[in-house]
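**Q** The structure is given below, and queries will be raised subsequently.
The values are calculated or read from the model by the stated rules, or taken from the named source; none is laboratory data. Please read these numbers as outputs of a predicted model, since none were measured by experiment. Please note: Cβ atoms are built from the backbone with ideal geometry, for glycine as well, and neighbour counts cover all protein chains shown. Side chains are part of the model used for accessible areas, which takes the heavy atoms of the whole protein and leaves out ligands, DNA and RNA. Shrake-Rupley method; radii C 1.70, N 1.55, O 1.52, S 1.80 Å.
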There are 2 protein chains.
Amino acid sequence: MQMDKLRIGIIGAGGMGTNHAGYIHRGEVDGAELAAVADINPKNLELFKSRFGDDIAVFDSAEGLIESGLVDGVLVATPHYDHPPIGVKAFENGLHVLLEKPVGVYTKQVREVNAAADASGKIFGAMFQQRTSAAHIKMRDLLRSGELGEMKRNCWLITDWYRSQSYYDSGGWRATWGGEGGGVLLNQCPHQLDLWQWFCGMPVRVRAFCSFGKYHDIEVEDDVTAYVEYENGATGLFVTTTGEAPGTNLFEVAGDMGRLELSGGKISFDRNRISERQFNREYQGGFGEPEHWQCDIPAGGGGGGHKEVTRRWVEAIRKGDSSLLVADGRDGIKGLEISNAMLMSEWTDDWVELPVDEKEYLELLRKRIKDSDYRPGQGDDGVMDVDGSF
Amino acid sequence: MQMDKLRIGIIGAGGMGTNHAGYIHRGEVDGAELAAVADINPKNLELFKSRFGDDIAVFDSAEGLIESGLVDGVLVATPHYDHPPIGVKAFENGLHVLLEKPVGVYTKQVREVNAAADASGKIFGAMFQQRTSAAHIKMRDLLRSGELGEMKRNCWLITDWYRSQSYYDSGGWRATWGGEGGGVLLNQCPHQLDLWQWFCGMPVRVRAFCSFGKYHDIEVEDDVTAYVEYENGATGLFVTTTGEAPGTNLFEVAGDMGRLELSGGKISFDRNRISERQFNREYQGGFGEPEHWQCDIPAGGGGGGHKEVTRRWVEAIRKGDSSLLVADGRDGIKGLEISNAMLMSEWTDDWVELPVDEKEYLELLRKRIKDSDYRPGQGDDGVMDVDGSF
C-alpha cells in the first residue's frame, strides 16, 4: 500500500532549518514533502518563501504550525531551549518529531519531551547525523563487539571547534546563558558527547574544569577539560575548546586487547595477540609486554549526514518502526546529561555523580540566566550559512 | 694543566649502578675512572667485582665509601629514598654528586640535599638523560623561544610504561610505600615530569586522580590522570599508567601560533600564519580560522643518554662550571614536586596548590609507609638487567 507523502513542517527557519528544507524540497527524502514552515522572525519567513515558493504554508509560531493539521511530522531547528517544549506540543498533537541537537539545554526539560514521546506513540528522532559516519559505526562495532576487550581508558581531544569573536557576535542569543544555555558543550559538542556515550557507555561520575569567556567576549564556557570514571573503573577524558587554532581531533581507547585510535577519519587498532590481563598473570620475565600488531581498520567512506537522519526518520514513520532511526530522540538526554554534569562540576568545584540532580542543575543554570545579557524572546539573528557546520 | 683523573665511586651496585660503572670502566668518560663501589648487598658486590676487577675499592656502606678519601665524586643509584641522605653526606665530605632519578621521594628531603649542595660548592648533577635527546632539546627551543606563542594547553599521554606483575615481584622494595615511596610517578615518570616542567614551566595548581594497585598486586599508584593549571591560565594534562599495553606516548602543546606535537621521536608544528589572538580580534567573517602550515621540524638523532650526563658532570667538575651540566641536581625537585602534588590531590580528593606543603605531604606518605608491606632496610633485590630501561 502506497501511503501519501509524509508532510513535514520545519520549525525554525534559520540556517539549519533552511538547510534541511533544501534537501526535502529537492525531493531527496523519499516519501516526504516540505509542507510548512514556522519562525517568529518575519525576515526568515520571507527569505524561506523566496527560496522554496509560495506553496509552503507559513506560520509565525510553532504552535500555529503544529495545530494547523497541515503536517504529519515536524523537524525542529530552533534555538536549543525551545526544542523540548515544541517537541512536547507536537507529540500532544499527534505529530512525529525530529529534534535538532542538542535535544535540550537541561535534562529536566528533555525528560518531559521523552515522556511526551512515550505517551504519544509517535516516532521521535534526534539529528545525530555523525552516527551515520562509517568510521563512527566501525568504532562502535569494535568497542561493542568486544574486539578491544574491556575498556581501561579513553581520551577524546576535540579542540578543532575554533570560533572567532565575529562568529559569536553574529547572533544575540549565541553563547549566552539566556539564549543558548551553554557554550562549546551545548553548541559545538553535542555530537561528540553523543558519540562518546554511544561508543563507551555512560560514565558514573564526572570532575570537570570549565572556563567561561576565556578566549572570547562571551558568557559561557569556551574551554573544557573533563575527567570521568565508568562503572568498571575505566577512566575517560574529554577536552574541548573554541579557542584553539588549529585544533586536534583525536580519540583513543585503551582496552585489554590493545589500543584503538580514531583520527582524521581513520581507525587504527594496535592489537594484542593475547589479552594484557592474561599476559600480566602468566608472564614471568620482568620487562616485557604482549606481542601486538598494528592493524589499519577499513571504515569505508563518509555517511549520509543530515539527509540520512531525515530519510530514516521518515522510513521509521512510514513503517511504524523506531528501530530504523539513526538515533532515537530519547537517546539525546545521554550526551546532554554528561555536559550538564561537566558544567555542574565546575560550578560546584566538586565531583558530580550521574544521573545529575536535575533540580539542582536547573537552579544553578537559572542563576546564570538571571545575570545573562540575553533573555529568551528578545529577538533573533538572521540566517547564517551553515555549510561546513555540523 | 692536566688534572688527574676524577675518581668516581658508584653507590648502589644494582642494575642501574652496574650500567653506569660499565661505560666508566670502559674508559668512555674522558677524565674519569671507576674507583670504588658501595652496596649493602654482598651478592651485588661479588658480582660487581667479577665484572670490573679487584682494583676497585669495595664498601658495604655508602658512608664507608664517602669517608674513604678514595673518590672525588659519587654517582648514586640506590633505591630512591636514599638519594638525598647519601647526597648530603657526600657534599658534607667535599665530594661532587650525581644522583639517579628521582632525586628523592618527597620534596622535604630533596630541599635538604639542595641546601647541602649550595653549602658545599661542589658540582651537583641529576641523571635526567632524556634532556640530551635532540627532539626534547628542539621541543624546549620551540616553546621557550616563543615560536609557538603563548601556551594555551598541553597534554602528555604517556601510557607506554607497561609493567607486568613479574616485574613488580622481582624486588621486594618495588612498588611499595616503604621501599619506593610511590609507583609509576616515582619510578617510571620522573623523566617526563622533568621534561614537562623543562618544556612548559611549573604549574600553579594540580587536581589529580590516581588509582593504587589497579592493574597489579602492588600498594602504589599504577594509573594517573592529572589536570594542572599554569599561571597564565593555560591548562595541562598528564596521563600515565603501567597497566596499558601497547601504550601511547603523545605530547601536544597548543599555543597562540598553532599546535606542536611530539610523537614517536618526531616533532610536527601546525603553524598559524598569524597569531590566533590577532585573528580573533580582526576577523569579521563568522566561520573561519587562521591559515596554518604543517611543518615537520628537524630534530636530528637521539642524544647521548646516561653517558652524556655523566660526561658533562665530569666536565663541569673539571672546569668548575655547573652550567655545563645536562641537568643541575637542584632541578630535580621540580618534577618531584609535581608528582607529590598529584598523589596529594588524590589522597585529599582536592586541589593542591604549588609549592606543596612539604610537612603535610610527608605526614600523608608516612601513614602509608606505616601500613606498607615493606620497611626500608628489610633486604634488597638482585641485579636486574636494565637494558632497554630508562
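**Q** Report the local net charge at A:L343: Lys and Arg +1, Asp and Glu -1, summed over other residues whose C-beta lies under 10 Å from its C-beta. Walk me through the numbers on the way to the answer.
**A** Numbers: positive: A:R368; negative: A:E221, A:E346.
Every neighbour counted, the sum reads -1.
**Q** Just how much of A:S211 is accessible, in Å², when a 1.4 Å probe is used and the result is rounded to the nearest 10?
**A** Approximately 40 Å² of A:S211 is accessible to the 1.4 Å probe.
**Q** Taking the Cα centre of the protein assembly as shown as origin, work out the dipole magnitude from +1 charges on Lys and Arg Cβ and -1 charges on Asp and Glu Cβ, in debye rounded to 20.
**A** Values: 82 positive and 122 negative charges, 136 e Å.
Computed charge dipole of the protein assembly as shown: roughly 660 debye.
**Q** Give me the inter-chain shielding for A:226-238: mean count of other chain Cβ atoms within 10 Å, whole number please. Working shown, then result.
**A** Numbers: counts 1, 8, 2, 3, 0, 0, 0, 4, 1, 8, 1, 6, 0.
For peptide A:226-238, the averaged partner shielding equals 3.
**Q** Hand me the GluC sites (Glu not before Pro) from region A:123-198 located in a DSSP loop with no more than 16 other Cβ atoms within 10 Å, in residue order please. If you can, show how the numbers build up before the last one.
**A** Values: sites: A:E147, A:E150, A:E180; in loops: A:E147, A:E150, A:E180.
Hits after loop and neighbour filter: A:E147, A:E150.
**Q** Under 10 Å from the Cβ of A:E221, count the other residues' Cβ atoms, weight Lys and Arg +1, Asp and Glu -1, and hand me the total. Mind showing how you got there, number by number?
**A** Values: positive: A:K214; negative: A:E219, A:D222, A:D223, A:E346.
Result for the neighbourhood of A:E221: -3.
**Q** Which parts of region B:8-27 would a label at B:S50 reach, counting a residue when its backbone N lies under 20 Å from a point 7 Å out along Cα-to-Cβ?
**A** B:12-23, B:25-26
**Q** Using only alpha carbon pairs under 8 Å that are at least six residues apart, calculate the relative contact order of chain B and give it in whole percent. Provide the component values of the computation, followed by the final result.
**A** Working: 842 pairs, mean separation 80.8, N = 390.
Worked out over chain B, it gives 21 percent.
**Q** If you don't mind, there's one more thing I want to ask. On average, how many beta carbons from a partner chain sit within 10 Å of the beta carbon of a residue in A:217-223?
**A** If you average over the peptide's residues, the count of other-chain Cβ atoms is 1.
**Q** Now for a different question. With only Lys, Arg, Asp and Glu charged, each at its Cβ (+1 for the first two, -1 for the last two), find how big the charge dipole of region B:119-217 is about the Cα centre; round to the nearest 20 debye.
**A** Values: 12 positive and 8 negative charges, 59 e Å.
With Lys and Arg at +1 and Asp and Glu at -1, about 280 debye.
**Q** Choose one of B:G172, B:A116, B:F199: the residue whose Cα lies farthest towards the positive end of the charge dipole of region B:113-225 (beta-carbon charges +1 Lys, Arg; -1 Asp, Glu; about the Cα centre).
**A** The residue sitting farthest along the positive end of the dipole is B:F199.
**Q** Please report how far the C-alpha centroid of region A:137-212 lies from that of region A:303-330, rounded to the nearest whole angstrom.
**A** The distance from the Cα centre of region A:137-212 to that of region A:303-330 comes to 22 Å.
**Q** Here's a follow-up. Loop-only chymotrypsin sites (Phe, Trp or Tyr not before Pro) in region B:284-371, please: DSSP not H, G, I, E or B, and at most 10 other Cβ atoms within 10 Å. Numbers along the way, then the final one.
**A** On the way: sites: B:F287, B:W293, B:W313, B:W347, B:W351, B:Y361; in loops: B:F287, B:W351.
Passing sites in region B:284-371 do not exist.
**Q** Computed over the Cα atoms, what is the radius of gyration of the protein assembly as shown divided by 2.2 N^0.38 Å, N being its residue count?
**A** Here the Cα radius of gyration is 1.11 times the empirical estimate.
**Q** For the protein assembly as shown, what does the helix formula give at 222 nm: sum of -39500 (n - 2.57) over DSSP H segments with n ≥ 4, over the residue count, nearest 500 deg cm²/dmol?
**A** Values: 24 runs with 260 residues, N = 780.
Mean residue ellipticity at 222 nm (helix-derived): -10000 deg cm²/dmol.
**Q** Here's another thing I want to ask about it. Please list the helices of chain B that count as membrane-span-like by this rule: a mean Kyte-Doolittle hydropathy of at least 1.6 together with Cα atoms stretching 30 Å or more along the helix axis, each helix being a complete DSSP H run.
**A** On the way: long enough: none.
Flagged H segments: there are none.
**Q** Label-point separation (nm) for A:Y23 and B:D371, each offset 7 Å from Cα along Cα-to-Cβ?
**A** If labels sit at A:Y23 and B:D371, their model points lie 5.7 nm apart.
**Q** What is the dipole size for chain A, taken about its Cα centre, with +1 at each Lys and Arg Cβ and -1 at each Asp and Glu Cβ, in debye to the nearest 20?
**A** Values: 41 positive and 61 negative charges, 133 e Å.
So the dipole magnitude of chain A works out to roughly 640 debye.
**Q** Below 8 Å between Cα atoms, with a sequence gap of 6+, how large is the relative contact order for region A:209-315 in percent?
**A** Computed over region A:209-315, the figure is 14 percent.
**Q** What average number of partner chain Cβ atoms lie no more than 10 Å from the Cβ of the residues making up B:276-283? The partial results should precede the final answer.
**A** Details: counts 7, 3, 0, 5, 12, 3, 3, 4.
Across B:276-283, the average partner-chain Cβ count within 10 Å equals 5.
**Q** Work through the residues other than A:D194 whose Cβ is under 9 Å from its Cβ and net out their charges, Lys, Arg +1 and Asp, Glu -1.
**A** On the way: positive: A:K101, A:R131, A:K334; negative: A:D331.
The answer is +2.
**Q** Also, I was wondering about something else. In Å, the Kirkwood hydrodynamic radius of region A:193-237 over pairs of distinct alpha carbons? Mind showing how you got there, number by number?
**A** Numbers: mean 1/r = 0.0849 Å⁻¹.
Radius from the Kirkwood sum: 11.8 Å.
**Q** A further question follows. If you build a Gaussian network model of chain A, linking Cα atoms that sit under 10 Å apart, which residue out of A:G146, A:G179, A:G301 swings the most?
**A** So, out of A:G146, A:G179, A:G301, the one fluctuating most is A:G301.
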